[in-house]
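A short worksheet on the structure shown next.
The values are calculated or read from the model by the stated rules, or taken from the named source; none is laboratory data. Please read these numbers as outputs of a predicted model, since none were measured by experiment. Cβ atoms come from the backbone with ideal geometry, glycine included; neighbour counts cover every protein chain shown. The protein model used for the area step is the full one, side chains on, heavy atoms only, and it has no ligands, DNA or RNA in it. Shrake-Rupley method; radii C 1.70, N 1.55, O 1.52, S 1.80 Å.
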Amino acid sequence: AVLFGAAFFGIIIYVTRGRGMGMGDLKLTAVLGLLLGWPDIALAVVLSFILGSLWSLPLLVSGRLGLRAAIPFGPFIALGAVMTIFLGAELLRYYFIVFSLSP
């Protein structure tokens, strides 16, 4: 889980040359991987991206935020981790009910 968190954000940092994410995001996700464990860190990362997009997309559409604006991502990672701790099992259960392939 530590390697997943660190590698995932490390790839983003490498590809964007540090403009997309910072080392603080990598360190925070690595520590959360240590605390949460393997399946939960993946859910926390996905939730953090969903929360970040739900926060920033309305600001982009309204023009209050530009494409080059820097938004701290650490709070979204932390909120995704808290949601995973308290609501993770319920969110996954609801997800699989809604998107199940069986009739």
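Quick notes
- Residue check for LEU47: open to solvent by 80 Å² or more (accessible area, probe 1.4 Å) and in a helix (DSSP H, G or I): no
- Any hit, the stretch 67-85, residues being among the polar types (S, T, N, Q) and over 18 Å from ALA1 (Cβ atoms): no
- Checking every residue in the stretch 80-88 against the condition of being modelled with pLDDT of 95 or more and small (Gly, Ala, Ser) gives at least one match.
- Any hit, the stretch 5-20, residues being part of a helix (DSSP H, G or I), closer than 26 Å to TYR95 by Cα, in contact (Cβ under 8 Å) with a residue 40 or more places away in the chain and open to solvent by 40 Å² or more (accessible area, probe 1.4 Å): no
- Per the listing VAL61, VAL82, the residue uniquely within 23 Å of ARG93 (Cα to Cα) and free of Cβ contacts under 8 Å to residues at least 12 places away in the same chain is VAL82.
- Candidate set: the stretch 28-37, residues that are surrounded by fewer than 19 Cβ atoms within 10 Å (Cβ to Cβ) and either among the aliphatic types (A, V, I, L, M) or at pLDDT 95 or above (or both); chosen: the one nearest to TYR94 (Cα to Cα): LEU35
- Options PHE73, PHE86; residue that is open to solvent by less than 70 Å² (accessible area, probe 1.4 Å) and not small (Gly, Ala, Ser): PHE73
- Criterion (at pLDDT 90 or above, surrounded by 17 or more Cβ atoms within 10 Å (Cβ to Cβ), more than 25 Å from ALA89 (Cβ to Cβ) and not hydrophobic (A, V, I, L, M, F, W, C)) met by exactly one of ASP25, ASP40: ASP25
- ALA70 at negative phi and part of a helix (DSSP H, G or I): no
- Residues that are aromatic (Phe, Trp, Tyr) and out of contact with any Asp or Glu (no Cβ under 6 Å at 6 or more places or on another chain) within the stretch 46-103 comprise PHE49, TRP55, PHE76, PHE86, TYR94, TYR95, PHE96, PHE99, listed in sequence order.
- The stretch 51-70 - residue that is surrounded by 13 or more Cβ atoms within 10 Å (Cβ to Cβ) and of a type in the set (A, V, I, L, M) and, of those, modelled with the highest pLDDT: LEU51
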